[in-house]
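The values are calculated or read from the model by the stated rules, or taken from the named source; none is laboratory data. These numbers were taken from a predicted model, which means no experiment stands behind them. Note that we place each Cβ from the backbone using ideal geometry, even for glycine, and neighbour counts take in every protein chain shown.
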Amino acid sequence: MIPKSTESSSLSERLLVVRKRTGLSQADFGKKLGISDRAYKNYELKIRKLPLEIAKLICIKFDVDIRWLLLGQGFIDSQTLGDVVEAAVIETRTFFMGKTMQPTPKQEGKIIRYLVQQIEEHGTISKDAQKNFFETFDRG
């Protein structure tokens, strides 16, 4: 499966994504960080700036990439570009296994490039989007 990035436009939205992913309330999330629920709510609601120490703690406790949390770049869970490329190669080769038509190395490279670009730009590629892309390629 293609790895997911969950890019959001603001730090407070990314905080919300992390918290929702844990299934914790604002109060419980704050407790896990050793801060009051009010303090955490203030960060999520953009009332106060998130201190770097708390950002680091969130990344450590909840396996979040610091670049993603602070800048919205990369992937939420510390995935590397290598992980994305590996997943794209696996998806591409899995799709074409057993097909009568095999892509040329150049075609395969273009498919992998497309998948990686889509992940970087949109955060993920749904199974339906992958299927539609590969079926279009298969027909063409």
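Computed quantities for the displayed model
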quantity: Any hit, region 75-92, residues being charged (D, E, K, R) and at pLDDT 80 or above; calculated: yes
quantity: Hits in region 60-90 - residues which are among the hydrophobic types (A, V, I, L, M, F, W, C) and in contact with an Asp or Glu (Cβ under 7 Å, 6 or more places away or on another chain); calculated: VAL64, PHE75, ILE76
quantity: Yes/no for ASP37 being free of Cβ contacts under 8 Å to residues at least 60 places away in the same chain and either acidic (Asp, Glu) or surrounded by fewer than 14 Cβ atoms within 10 Å (Cβ to Cβ) (or both); calculated: yes
quantity: Near pairs, Cβ below 8 angstrom, 6+ apart or cross-chain, from region 92-118 (within 12 Å of PHE134 (Cβ to Cβ)) to any residue that is not in a helix (DSSP H, G or I); calculated: THR92/PRO103; PHE96/GLN102; PHE96/PRO103; ILE111/PRO103; LEU115/ILE2; LEU115/ILE125
quantity: Criterion: crowded, with 18+ Cβ neighbours inside 10 Å and in contact (Cβ under 8 Å) with a residue 24 or more places away in the chain - qualifying residue of LEU57, LEU69, LEU81, LEU45; calculated: LEU69
quantity: Meets criteria (part of a helix (DSSP H, G or I) and assigned by TED's automatic domain parsing to the domain that holds PHE133) for ILE111; calculated: yes
quantity: Residues of region 48-75 that turn out to be under 26 Å from GLN117 (Cα atoms) and among the basic types (Lys, Arg), as a count; calculated: 1
quantity: Failed item, numbered, when SER126 is tested on (1) over 19 Å from TRP68 (Cβ atoms); (2) surrounded by 15 or more Cβ atoms within 10 Å (Cβ to Cβ); (3) not β-branched (Val, Ile, Thr); calculated: (2)
quantity: Given (1) in contact (Cβ under 8 Å) with a residue 24 or more places away in the chain; (2) closer than 18 Å to ARG14 by Cα; (3) in contact with a Lys or Arg (Cβ under 9 Å, 6 or more places away or on another chain), index of the condition GLY30 fails; calculated: (1)
quantity: Helices (runs of 4 or more DSSP H) enclosed by region 48-108 - at least 3 residues per element that are over 18 Å from LEU33 (Cβ atoms) and outside the structural domain of LEU15 (by TED's automatic domain parsing); calculated: 81-96
